[in-house]
Amino acid sequence: MDTRLTLRRITKAYPSVVANDSIDLDVLPGEIHSILGENGAGKSTLMKIIYGSVKPDAGQVFWNGREVSIANPAEARKLGIAMVFQHFSLFDTLTVTENIALGLPKDTDLHALSRRIRETAHEYGLALEPERHVHTLSVGECQRVEIVRALLAKPQLLILDEPTSVLTPQAVEKLFHTLRKLASEGCSILYISHKLDEIRALCHRCTVMRGGKVTGICDPTEESAASLSRMMIGSEPPAIKAAERLPGETMLSLRDLWLEKSHPFGTTLEEINLDLHAGEIVGVAGVSGNGQQELLAALSGEDPRAQPEAIMLNGEAIGRMNAARRRKRGLGFVPEERLGRGAVPDLSLAQNILLSHQNKTTIRQGMISFGAIQEIAASIISRFKVKAPGPQATAGSLSGGNLQKYIVGREVMRDPKVLIVAQPTWGVDVGAAAQIRAELVALRDAGCALLVVSEELDELFEISDRLVVMAKGKLSPPIKRSHATVDLIGQWMSGLWDSKGTTSQEAVHA
Amino acid sequence: MLKLEKRPSPSALMAWLSPVFAVLLTVVCGVILFVALGKNPVTGLAVFFLEPIKDLQGWSEVGVKVAPLLLIAVGLAICFRANVFNIGAEGQLVVGAITGGAVGLYFDHGEGGGALMITLVLLAGMAGGMAWAAITAFLRDRFNANEILVSLMLVYVAQLLLSLLVHGPLRDPEGFNFPQSRMLSDGFLLPNIVNGTRLHLGFVMAMVASALGWLFLSRSFAGYRLQVGGMAPAAARYAGFSSRKALWTSMLTCGALAGVAGVAEVLGPIGQLTPSVSPGYGFAAIIVAYVGRLHPVGVVFSSFIMALFYIGGELSQSRLGMPNAITGVFQGILLFSLLACDVLIHYQLKLRK
């Protein structure tokens, strides 16, 4: 039988790195094939080569047994290859429908397309409003647009780059169901993920990459998560021990936080109540777009419209203060977007220190102390094992995972009293993710109060002391991690919580 | 067919060399232009690039033009780095000339003056430029009005205001109805820094502005905040840097520098208020700012080139009988060449197979 897709000795070198070194890959019709590897292993480059957006330096591509040269994504789509990118290629100022129409013939009827988008989205359980402008969408919603865009084309090969991070556990099951159905209809699926459990549950075959080379091909159902991760990074990630802890004093408290949405497609925050204690991690679960962005902005000070007393930091009303003033009072924040928000891409790592370290060491009489920021940057790079040429490297030149390590490191080094972290390990490889989580736990043990917003339930269950769920702008009552189950949290993600019952349950256990 | 392909890593060296290539390309275009007009290109280029600087007198005249160009370009570099697209520096210059000139005329009774008085007049010009820039800043801040349009339209308002004043209240009663003010007396004029030339103190002020601008942008935390706001607004919000502060700081700084440039023209080479105090320095400075890579020291070199174009343009009219559009043509070619060269920093040309 012919393979759907075969790659032979694909090689692609960039000026500084060989991203793909003689890669072989076989994907059968109807096969769900996973590509596993750390960030920088060359997975993305390989996918871009298959999708025609990058040209290989050498090697052959066979499509249904015939050698092809895929010059651009349009040709790839013509062959029947669709791709959902990890980094979205969407235009902010266009609507969902218009964005999807860009990849289609010019005479597409937008109304009909809009209807098809709604239907396809509905079929796969992906809530999506085709009329919305992309700039109003959260990261998770953007990814939904990409998935629906790919599915609309009825592809023969679907490439998915970490698609499940935005879905509830129930929706992941639903997506897997869809993918299995697609596969049974003969569509091949290339599935890139760092979630080993998912790969083991879903995929028929797995190609492991490390440092631009294929290091193994296996049947993931016959491997354990530990053995897979060993193949990928060469060692096992450190496990984090769960231990019951006594909460310290209240560091951050939210009292009846209401916040009107700032744009038509935002989420209004309604009656948010939460106490965050020293020495605990509270995890915020929920499907993205349910008010997490708004809550984070209200907490960080990027959106200073809240009632002053609605947000109390260590007994002080901070609802109206900007981010710099809150930071002076001991708040730290790691935002969801690394480039352009957590760091300025065109500035050096050293200069990016000044975004959050604004004190007497870094600024003297209004002048930047370059020696000091250089030193801080260098110490973050060495302590957090950031792969970077040095403090002078621009933030934009780092890979996503390394930049995330740097930003988390930068905030951790400030010794904040309260640290708010959004998607700590989004798109970060297993090794770096484990390291980041360990740092957060170490910070908790040192007495910091942490609020972690994540779309990855596994992660929240791993590090949190208590969990809350956000849905439709409201926050569920907190529940101890030891009492929470994936099913319960998944149910809460749809907004179905019994506020009275659980509060009393909480009171019993408190 | 040719196509543009993004370079994996843009060269920093090329980013700095691009303006040099742009100038060379402008020279090449100049040669083509002279040939097309039936002039000897060698003489043509000599008039533009050698004649203006063949002696001290020539150098000093170039310096006279560098002064306003450099002052404004430093201000614009600060604005553009903060992503505040103030293109109305010409208007701020004109209003600076008006307020400074008016204060000078008010106190000037044919005698007196001196350092204190000149300082007062300069401050008045600075305040005028800042006030004009403040209108744009306010409308942008309060109503989110587009600063490009507002500042540009205010240029024409400023020019009409100047015209109104020199035709009316500020007209010299003994000036045979010419639309111009009295000449300021010597005590009110900026002192010359080289004897026997017109090179005045404004040149020194421009060089100081360039040095201070460099200090502000590359060494101060205030300058850092401003640039983060320009490069990544979300990061500025994350850090807690105020975008309003950046808008006001950059607009007022640029307005102040443009205002000084305007009043320095009145107190320097012109000596009175006339309907036209500037041959478009405020607009030319936009090109100067970009050719100088929005760098307060880089603009020193680009303002020198631009000053050459001004003088070369005048000379080629008298020597070669070229039309007076020649300066504008050269400015335009320079800007286009720069934009073309800048594209090649980030992209490379490839033959599509």
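Answer yes or no: is there a residue in region A:392-399 that is touching a strand residue (DSSP E or B) at 6+ places or on another chain (Cβ under 8 Å), farther than 29 Å from A:MET232 by Cα and not assigned by TED's automatic domain parsing to the domain that holds A:ALA323.
Keep residues of region A:392-399 that are touching a strand residue (DSSP E or B) at 6+ places or on another chain (Cβ under 8 Å), which gives A:392-396.
With the extra rule that they be farther than 29 Å from A:MET232 by Cα, the set shrinks to A:392.
In the following step, the residues that additionally are not assigned by TED's automatic domain parsing to the domain that holds A:ALA323 were identified as A:392.
Yes, region A:392-399 contains a residue that is touching a strand residue (DSSP E or B) at 6+ places or on another chain (Cβ under 8 Å), farther than 29 Å from A:MET232 by Cα and not assigned by TED's automatic domain parsing to the domain that holds A:ALA323.
Considering only residues of region B:254-285 that are of a type in the set (Val, Ile, Thr) and buried (at least 22 other Cβ atoms within 10 Å of the Cβ), which is nearest to B:LEU160 (Cα to Cα)? Please lay out each step first, then the result.
Let us first name the residues in region B:254-285 that are of a type in the set (Val, Ile, Thr), namely B:260, B:263, B:266, B:270, B:274, B:277.
Now drop any that are not buried (at least 22 other Cβ atoms within 10 Å of the Cβ), which leaves B:260, B:263, B:266, B:277.
On the way: B:VAL260: 20, B:VAL263: 17, B:VAL266: 17, B:VAL277: 12 Å.
Going through the qualifying residues, I end up with B:VAL277.
Can you tell me which residue among A:ARG444, A:ARG437 is assigned to a helix (DSSP H, G or I) and closer than 26 Å to A:LEU257 by Cα?
On the way: A:ARG437 fails: closer than 26 Å to A:LEU257 by Cα.
Only one candidate passes the filter, namely A:ARG444.
Can you tell me which residue among A:GLY390, A:GLY366, A:GLY396, A:GLY340 is in contact with a Phe, Trp or Tyr (Cβ under 7 Å, 6 or more places away or on another chain) and not β-branched (Val, Ile, Thr)? Talk me through it step by step, then tell me what you get.
Working: A:GLY390 fails: in contact with a Phe, Trp or Tyr (Cβ under 7 Å, 6 or more places away or on another chain); A:GLY396 fails: in contact with a Phe, Trp or Tyr (Cβ under 7 Å, 6 or more places away or on another chain); A:GLY340 fails: in contact with a Phe, Trp or Tyr (Cβ under 7 Å, 6 or more places away or on another chain).
None of the other options fit; the residue is A:GLY366.
Going by the structure shown, is A:HIS177 at pLDDT below 85 and either in contact with a Phe, Trp or Tyr (Cβ under 6 Å, 6 or more places away or on another chain) or crowded, with 20+ Cβ neighbours inside 10 Å (or both)?
Numbers: at pLDDT below 85: yes; either in contact with a Phe, Trp or Tyr (Cβ under 6 Å, 6 or more places away or on another chain) or crowded, with 20+ Cβ neighbours inside 10 Å (or both): no.
It is false that A:HIS177 is at pLDDT below 85 and either in contact with a Phe, Trp or Tyr (Cβ under 6 Å, 6 or more places away or on another chain) or crowded, with 20+ Cβ neighbours inside 10 Å (or both).
Conditions (1) in contact with a strand residue (DSSP E or B) (Cβ under 7 Å, 6 or more places away or on another chain); (2) surrounded by 24 or more Cβ atoms within 10 Å (Cβ to Cβ); (3) not aliphatic (A, V, I, L, M), marked per residue:
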| residue | (1), (2), (3) |
| --- | --- |
| B:GLY44 | no, no, yes |
| B:PHE49 | no, no, yes |
| B:LEU69 | no, yes, no |
| B:ALA89 | no, yes, no |
| B:LEU105 | no, no, no |
| B:GLU111 | no, no, yes |
| B:VAL121 | no, yes, no |
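Do we find a residue being within 14 Å of another protein chain (Cβ to nearest Cβ), in a helix (DSSP H, G or I) and touching a strand residue (DSSP E or B) at 6+ places or on another chain (Cβ under 8 Å) anywhere in region B:237-250? Working first, answer last.
Quick first cut of region B:237-250, residues within 14 Å of another protein chain (Cβ to nearest Cβ) only: B:237-246, B:249.
Right, trim to in a helix (DSSP H, G or I) and you get B:237-239, B:243-246, B:249.
So of that shortlist, the ones also touching a strand residue (DSSP E or B) at 6+ places or on another chain (Cβ under 8 Å) come out as B:238.
Yes, that holds for at least one residue.
Output the residue which, of all residues in region A:352-377 that are more than 25 Å from A:LEU295 (Cα to Cα) and facing chain B (nearest Cβ under 7 Å), is surrounded by the fewest Cβ atoms within 10 Å (Cβ to Cβ).
Step one: filter region A:352-377 for residues more than 25 Å from A:LEU295 (Cα to Cα), giving A:359-377.
Narrowing the set further to residues that are facing chain B (nearest Cβ under 7 Å) leaves A:363, A:366-368.
Values: A:ILE363: 19, A:GLY366: 11, A:MET367: 15, A:ILE368: 21.
Here the answer is A:GLY366.
With respect to B:ALA137, is the statement that it is under 24 Å from B:LEU201 (Cβ atoms), in a helix (DSSP H, G or I) and modelled with pLDDT of 95 or more true?
On the way: under 24 Å from B:LEU201 (Cβ atoms): no; in a helix (DSSP H, G or I): yes; modelled with pLDDT of 95 or more: yes.
Taking the combined requirement at face value, the residue does not satisfy it.
Residues that are among the basic types (Lys, Arg) and either in a helix (DSSP H, G or I) or away from chain B (no Cβ under 12 Å) (or both): does region A:385-393 have at least one? Give the steps one after another, and end with the answer.
Here is the first cut: in region A:385-393, the residues among the basic types (Lys, Arg) are A:385, A:387.
Right, trim to either in a helix (DSSP H, G or I) or away from chain B (no Cβ under 12 Å) (or both) and you get A:385, A:387.
Yes, there is a match, as at least one residue in region A:385-393 is among the basic types (Lys, Arg) and either in a helix (DSSP H, G or I) or away from chain B (no Cβ under 12 Å) (or both).
If you take just the strands (runs of 3 or more DSSP E) that sit entirely in region A:66-171, which of them hold at least 2 residues that are surrounded by 15 or more Cβ atoms within 10 Å (Cβ to Cβ)?
Working: elements: A:66-68, A:81-84, A:157-161.
In region A:66-171, the matching strands (runs of 3 or more DSSP E) lie at A:81-84, A:157-161.
Within region B:55-64, can one find any residue that is part of a helix (DSSP H, G or I), modelled with pLDDT under 90 and of a type in the set (D, E, K, R)?
Within region B:55-64, none of the residues are part of a helix (DSSP H, G or I), modelled with pLDDT under 90 and of a type in the set (D, E, K, R).
Assuming B:ILE87 fulfils every condition listed in (1) outside any helix (DSSP H, G or I); (2) among the aliphatic types (A, V, I, L, M); (3) within 30 Å of A:VAL54 (Cα to Cα) apart from one, which condition is it?
Among (1) outside any helix (DSSP H, G or I); (2) among the aliphatic types (A, V, I, L, M); (3) within 30 Å of A:VAL54 (Cα to Cα), B:ILE87 violates only (3).
Could you tell me which residue of region A:180-196 is surrounded by the fewest Cβ atoms within 10 Å (Cβ to Cβ), considering only residues that are in a helix (DSSP H, G or I) and either modelled with pLDDT of 80 or more or of a type outside the set (A, V, I, L, M, F, W, C) (or both)?
Residues of region A:180-196 in a helix (DSSP H, G or I): A:180-184, A:196.
After this cut, where a residue has to be either modelled with pLDDT of 80 or more or of a type outside the set (A, V, I, L, M, F, W, C) (or both) as well, the list is A:180-184.
On the way: A:ARG180: 14, A:LYS181: 11, A:LEU182: 19, A:ALA183: 20, A:SER184: 9.
Taking the candidates together, the pick is A:SER184.
Out of (1) over 19 Å from A:VAL284 (Cα atoms); (2) modelled with pLDDT of 85 or more; (3) not hydrophobic (A, V, I, L, M, F, W, C), what's the single condition that is false for A:PRO424?
(1)
Table: residues versus (1) in contact with a helix residue (DSSP H, G or I) (Cβ under 7 Å, 6 or more places away or on another chain); (2) under 17 Å from B:TYR224 (Cβ atoms).
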residue	(1), (2)
A:GLY301	yes, no
A:GLU309	no, no
A:GLY330	no, no
A:PHE333	yes, no
A:ALA343	yes, yes
A:ASN359	no, yes
A:GLN365	no, yes
A:ILE376	yes, yes
A:ALA395	yes, yes
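Would you confirm whether or not region B:89-107 contains a residue that is at positive phi and polar (S, T, N, Q)? Spell out how you get there, then give the answer.
Initial filter on region B:89-107 (at positive phi): none.
Within region B:89-107, not a single residue is at positive phi and polar (S, T, N, Q).
Name the residue that is farthest from the other protein chains (Cβ to nearest Cβ), counting only residues in region A:304-328 that are in contact with an Asp or Glu (Cβ under 9 Å, 6 or more places away or on another chain) and surrounded by 21 or more Cβ atoms within 10 Å (Cβ to Cβ).
The extreme case among them is A:ALA310.
Of all residues in region B:316-328, how many are more than 13 Å from B:GLY280 (Cβ to Cβ) and surrounded by fewer than 20 Cβ atoms within 10 Å (Cβ to Cβ)? Working first, answer last.
Keep residues of region B:316-328 that are more than 13 Å from B:GLY280 (Cβ to Cβ), which gives B:316-323, B:326.
From what's left, surrounded by fewer than 20 Cβ atoms within 10 Å (Cβ to Cβ): B:317-321, B:323.
Qualifying residue count, region B:316-328: 6.
Taking B:THR253 as the residue in question, decide whether it is on the phi < 0 side of the Ramachandran plot, within 21 Å of the chain's Cα centre (by Cα), in a helix (DSSP H, G or I) and away from every other protein chain (no Cβ under 14 Å).
yes
When you look at A:LEU331, is it surrounded by 21 or more Cβ atoms within 10 Å (Cβ to Cβ) and touching a residue at least 60 places away in the same chain (Cβ under 8 Å), yes or no? Please lay out each step first, then the result.
On the way: surrounded by 21 or more Cβ atoms within 10 Å (Cβ to Cβ): yes; touching a residue at least 60 places away in the same chain (Cβ under 8 Å): yes.
Answer is yes for this residue.
Could you figure out which of (1) in a loop (DSSP other than H, G, I, E, B); (2) closer than 30 Å to A:GLU129 by Cα isn't true of A:GLY319?
Among (1) in a loop (DSSP other than H, G, I, E, B); (2) closer than 30 Å to A:GLU129 by Cα, A:GLY319 violates only (2).
Are there any pairs, at least 6 apart or on different chains, whose C-beta atoms fall under 6 Å, with the first in region A:451-480 and without any contact (Cβ under 8 Å) to a residue 60 or more places away in the chain and in the same structural domain as A:LEU295 (by TED's automatic domain parsing) and the second outside any strand (DSSP E or B) and among the aromatic types (Phe, Trp, Tyr), and if so, which?
A:SER476/A:TRP492; A:SER476/A:TRP497
Quick one: which of A:VAL287, A:VAL282 is under 24 Å from A:PHE461 (Cβ atoms), in a loop (DSSP other than H, G, I, E, B) and either within 14 Å of chain B (Cβ to nearest Cβ) or hydrophobic (A, V, I, L, M, F, W, C) (or both)?
Values: A:VAL282 fails: in a loop (DSSP other than H, G, I, E, B).
After applying the criteria, what remains is A:VAL287.
Taking A:ILE407 as the residue in question, decide whether it is surrounded by fewer than 23 Cβ atoms within 10 Å (Cβ to Cβ), among the hydrophobic types (A, V, I, L, M, F, W, C), part of a helix (DSSP H, G or I) and within 12 Å of another protein chain (Cβ to nearest Cβ). It would help to see each step written out before you state the result.
On the way: surrounded by fewer than 23 Cβ atoms within 10 Å (Cβ to Cβ): no; among the hydrophobic types (A, V, I, L, M, F, W, C): yes; part of a helix (DSSP H, G or I): yes; within 12 Å of another protein chain (Cβ to nearest Cβ): yes.
In short, no.
Which number in (1) away from chain A (no Cβ under 14 Å); (2) surrounded by fewer than 24 Cβ atoms within 10 Å (Cβ to Cβ); (3) at pLDDT 95 or above marks the one condition that B:PHE221 misses?
The number of the failed condition is (1).
In region A:378-411, how many residues are touching a Leu at 6+ places or on another chain (Cβ under 6 Å) and free of Cβ contacts under 8 Å to residues at least 40 places away in the same chain?
1
The values are calculated or read from the model by the stated rules, or taken from the named source; none is laboratory data. It should be emphasised that the depicted structure is a prediction, and the values quoted were computed from it without experimental measurement. Cβ: placed from backbone, ideal geometry, glycine included. Neighbour counts: every protein chain shown.
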